[in-house]
């Protein structure tokens, strides 16, 4: 938003008073190259932690014939999710598109992972002091699954943002 002021003479009080006019900011054009680069890079960085377990499981299955799926890789690659989410949020703010879905996805991913880690440490699951069974273990696993869903939400927001940025204008 930009605020411009003009001056007017108030005849009742014999004063000069400003008239403020608020203009809504113009959205950046669809050809904003920086927003496109940020969106593509952020989307890629967000999806790598989600696709890595699938690719690694497939390669192990082909090479050794055993199925081992490491579902904690998205949490282990959290720094990549955080950087990708920050790039996506920057691109969304520049383009004024898909800000809510990206902000919610990033915020939930950060908060849920912190909650899961904190609970694992507090319950003794992280150090191995407690057996990985029971209510606390189930809660930590549930939080990790919610974290993965939040990262998927962030990745979908990135795809939608890229679609918006690269869409051809009609008319």
Margin query: Can you go through 19, 62 and tell me which one is exposed (fewer than 11 other Cβ atoms within 10 Å of the Cβ), out of contact with any helix residue (DSSP H, G or I) (no Cβ under 6 Å at 6 or more places or on another chain) and either closer than 26 Å to residue 105 by Cα or modelled with pLDDT under 60 (or both)?
Written below: 19
Check: In segment 92-106, how many residues are over 14 Å from residue 38 (Cβ atoms) and touching a residue at least 24 places away in the same chain (Cβ under 8 Å)?
Finding: 3
Item checked: Residue that is surrounded by 13 or more Cβ atoms within 10 Å (Cβ to Cβ) and within 15 Å of residue 44 (Cα to Cα), where the choices are 114, 153, 108 -> 153
Notebook entry, point to check: Restricting attention to segment 65-91, which residues are in contact (Cβ under 8 Å) with a residue 60 or more places away in the chain, crowded, with 17+ Cβ neighbours inside 10 Å and under 26 Å from residue 143 (Cβ atoms)?
Noted result: 74, 75, 81, 84, 85, 88
Checklist line | Which numbered condition residue 128 fails, given (1) at positive phi; (2) surrounded by 13 or more Cβ atoms within 10 Å (Cβ to Cβ); (3) free of Cβ contacts under 8 Å to residues at least 24 places away in the same chain | finding: (2)
Notebook entry, point to check: With (1) loosely packed, with under 10 Cβ neighbours inside 10 Å; (2) modelled with pLDDT of 60 or more; (3) not in a strand (DSSP E or B) as the list, and residue 50 as the residue in question, which single condition is left unmet?
Noted result: (1)
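The values are calculated or read from the model by the stated rules, or taken from the named source; none is laboratory data. Worth saying up front: this structure is predicted, and the values here are computed from it rather than measured. We place every Cβ from the backbone using ideal geometry, glycine too, and count neighbours over all the protein chains shown.
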